[in-house]
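The structure appears below as structure tokens.
Rule-based calculations on the coordinates, nothing more; no lab input. Here the structure is a predicted model, which is why all the values come from computation and not from measurement. We place every Cβ from the backbone using ideal geometry, glycine too, and count neighbours over all the protein chains shown.
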Amino acid sequence: MTIIVSVKINDGVVMAADSAGTMGSGQIYLHANKISHLCEGLPVGAMSTGVGGIGNESVETLMKDLRRRFAGRDPEHPDWRLDPASYTMEQVATRLRAFFFDEKASAGHEPTNLQLRLCGYSAGRSLAEVWQVSMTGRDCPPPRRIMDETAFGVLWDGQYEALNRLVLGVGFDIADVLAKHGLRPQEAKRLQEKLVQDLYTALSVPAMPMRDAIDLARFLVETTIGFVRFAVLLPKSVGGAVQIAAITKHEGFQWVQGGNLAADGRDQRG
């Protein structure tokens, strides 16, 4: 498990994540890189939550393999090169799914639970989009656009509980709790929807400055890390350093915090 957060505003989209990586064995490491610049020179990035790898390959390495293809540096897949003048986010999302699920996960023998969030701009467009590829067991539906160009706000995935309570006003298991206290399942579901409508807290507006969107994304990841650290019954699968990247129309993909870390913790963004 992990926490990934995206904050989409008029000026771009911020991506933030913790750096705890959970292996199939259950071992947790604290220096996983979950955010990737998906194509050199283009304003496109991706981040992941779920398993830390497929087979013997980490998600980070697989992202770099895909980046190589998108840049036209994989002689076996020359048609995967993204044309800077005409590529679309839908095209990138479709190939992200094809690479991770069709080519990698489907070739293995173990079910794969991995969510990939794709953020960035189609060629020539003024506003960003957010797409998602969800691999659950042996199933992976087509990529889904979860924020079009006209949608704005905060989205999170992975360890939901802290931000569900903070933003939505209710925990992940609220429907079960309401049923436990006597409400019928359908009544509990309806009340849950009403509670979220009444308790939802808006944390961003489309016109907020990019610097503030970065601070918000950092705050939300750090809040989840602290919540998981001190919550007695939650597995300690969120933690480590916070990674943040910002994607804007003119500056493209830029590391704000984190990136590739050296063994001594120094930032090697370049």
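In table form, for the structure just shown:
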| item | result |
| --- | --- |
| Set LYS34/LYS189; LYS8/LYS34; LYS8/LYS189 screened for pairs whose C-alpha atoms are more than 24 Å apart | LYS34/LYS189; LYS8/LYS189 |
| Net dipole in debye of segment 56-183 [+1 Lys, Arg Cβ; -1 Asp, Glu Cβ; about Cα centre; nearest 20] | 200 debye |
| For the chain, built as a Gaussian network whose Cα springs stay under 10 Å, the top-fluctuating residue of THR201, THR112, THR88 | THR201 |
| Low-density loop cleavage sites - GluC sites (Glu not before Pro) in segment 1-97, where at most 15 other Cβ are within 10 Å (DSSP) | GLU40, GLU76 |
| Cβ-based net charge around ALA202, under 14 Å, with every Lys or Arg adding one and every Asp or Glu removing one | -1 |
| Förster radius 51 Å - calculated FRET efficiency between GLU76 and TYR160 (Cβ-Cβ, nearest 0.05) | 0.85 |
| Net length gained if the chain between LEU233 and THR150 were fully extended (0.36 nm per residue, minus Cα distance) | 26.0 nm |
| Cα shape, segment 1-70, gyration tensor, a/c 1.5 rule | oblate |
| Distance from segment 1-60 to segment 168-246 (C-alpha centre basis), Å | 19 Å |
| Ordering of 178-185, 140-147, 127-134 by burial proxy (mean other Cβ atoms within 10 Å per residue, highest first) | 127-134, 140-147, 178-185 |
| Gained length - GLU251 relative to LEU191, 0.36 nm times residue gap less alpha-carbon distance | 17.2 nm |
| Low-density loop cleavage sites - GluC sites (Glu not before Pro) in segment 173-225, where at most 11 other Cβ are within 10 Å (DSSP) | none |
| Ordering of 247-257, 231-241 by packing [mean C-beta count within 10 Å, highest first] | 247-257, 231-241 |
| Taking TYR200, TYR160 and counting other C-beta atoms within 10 Å, the order from fewest to most | TYR200, TYR160 |
| Extended-chain gain in nm, criterion 0.36 nm per residue less alpha-carbon gap, ASP198 and PHE172 | 7.7 nm |
| Crossing angle, helix 185-199 versus the chain [Cα axis fit, 0-90 degrees, rounded to tens] | 70 degrees |
